[in-house]
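Engineer: Here it is, the structure, as structure tokens.
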Amino acid sequence: MTVEAPARHFYFGSNFKMHKTLAEDRAFIQTLLDLNASQFDLQLFIIPAFTSLGGLQDTPRPRNLWIGAQNMHWANSGAFTGEISALMLRSIGVDLIMLGHAERRHNFGETDIELNKKAISAAASQLRVLLCVGETAEQRRYGVTDEVLAMQLKIALSGYPADCLERLMVAYEPVWAIGAGSQEALPEDIAPSIDQIRHTLETLFGQDRALHIPVLYGGSVNRDNCGGYVQHATVDGLFVGRAAWQPEGFMEVMQTGYNAWKRKRGGN
Ligand code: PEP
């Protein structure tokens, strides 16, 4: 059966990690408004610290900006001191949950099985899920990148409800390319991994549904290299850390990446 490629949309977002107070996040969003970020026909998102999530709900923001959280527990409530549930995040209007960021996997020992429980719980609460996957430098050296990506996706998305797929996105973030001091990936480095991610999503959800799931690239993306990453036919956006932590940088990388993405697809 031939499946028609879906009309693709562009996504651009940043994980602020453990940076920025509520006042700083509000100032960031105000600058996005001042720079007229909502004029672009694309989806933006930022993922600030928990302490900002409540306060940002009544902060004016561009209409195309989602606010996300960096972590959650899989239970709705219970004896889990220090944790926050999907239900709680939804109750204050949070749009998106990032799951499986490399820092959570590697610094806090988060497993694929835990991520699966979180993904299912997030889906049940109607949260959008941004699932991060990626191999370490060591796994890459051993030549098991495809296996690692397939395993991360198959476990984390096992039993993920088909009627929630429209709220699922995947970010490919090779661990060796993330953060200060890392190695910058070349566009040709990421292409086989994006293909492997698409292939695994097809295995899980079928070709048609898989094609509609946005796949983003993240890892040392900046103004100079962003255009290369969006050359791949099924990269739907960019997930950026350091280069997007200032609103001017956010706008610059977003516009450069978006323009390259549009050019690649024959737009202006
Ligand atoms: C990240 O940590 O997920 C990330 C993409 O960071 P950076 O862009 O700074 O490499």
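The values are calculated or read from the model by the stated rules, or taken from the named source; none is laboratory data. None of the values given here were measured: they were computed from a predicted structure. When we count neighbours, we look across all protein chains shown, and the Cβ atoms used for this are built from the backbone with ideal geometry, even at glycine. Calculation scope for accessible area: heavy atoms of the full protein, side chains included, ligands and nucleic acids excluded. Shrake-Rupley method; radii C 1.70, N 1.55, O 1.52, S 1.80 Å.
Engineer: Quick one, could you list the DSSP H helices from the chain stretching 15 Å or more along their long axis (Cα atoms) with average Kyte-Doolittle hydropathy of 0.5 or above?
Structural biologist: Result, helices passing both filters: 145-156.
Engineer: Which of the peptides 127-133, 247-253 is most tightly packed, and how do the rest follow, going by the mean number of other Cβ atoms within 10 Å of each residue? Let's see the in-between values first.
Structural biologist: Details: 127-133: 25.6, 247-253: 18.4.
Going from most to least packed, we get 127-133, 247-253.
Engineer: What is the percent of Cα-Cα separations in segment 101-216 that go past 18 Å?
Structural biologist: 48 percent
Engineer: What Rg and what Dmax come out for the chain when only alpha-carbon atoms are used, in angstroms?
Structural biologist: 17.4, 53
Engineer: May I pose another question? For the chain, give the percent of accessible area contributed by carbon and sulfur heavy atoms, probe 1.4 Å, rounded to a whole number. Provide the component values of the computation, followed by the final result.
Structural biologist: Details: 6020 of 11880 Å².
Of all accessible area on the chain, carbon and sulfur atoms account for 51 percent.
Engineer: Contact order normalised by length for segment 11-264, with contacts defined as Cα pairs under 8 Å and 6 or more residues apart; what percent is it?
Structural biologist: Numbers: 464 pairs, mean separation 44.0, N = 254.
RCO, segment 11-264: 17 percent.
Engineer: Let me ask something else. Along Cα→Cβ, 7 Å out, is where each label goes; now give me the distance between the ones at ASP195 and ARG90 in nm to one decimal.
Structural biologist: That separation, rounded to one decimal, is 3.9 nm.
Engineer: Mind checking the per residue accessible area of the chain for me, 1.4 Å probe, whole number of Å²?
Structural biologist: Details: 11880 Å² over 268 residues.
Heavy-atom accessible area per residue stands at 44 Å².
Engineer: Can you figure out the FRET efficiency of ALA233 with ASN259, using R₀ = 22 Å and their beta-carbon distance, to the nearest 0.05?
Structural biologist: On the way: r = 17 Å, r/R0 = 0.77.
Efficiency at R0 = 22 Å is approximately 0.80.
Engineer: OK, next. Return the distance in nm (one decimal) between the two label points of a simple spin-label model at ASP208 and PHE50, each offset 7 Å from Cα along Cα→Cβ.
Structural biologist: Taking the simple label geometry, ASP208 and PHE50 are separated by 4.1 nm.
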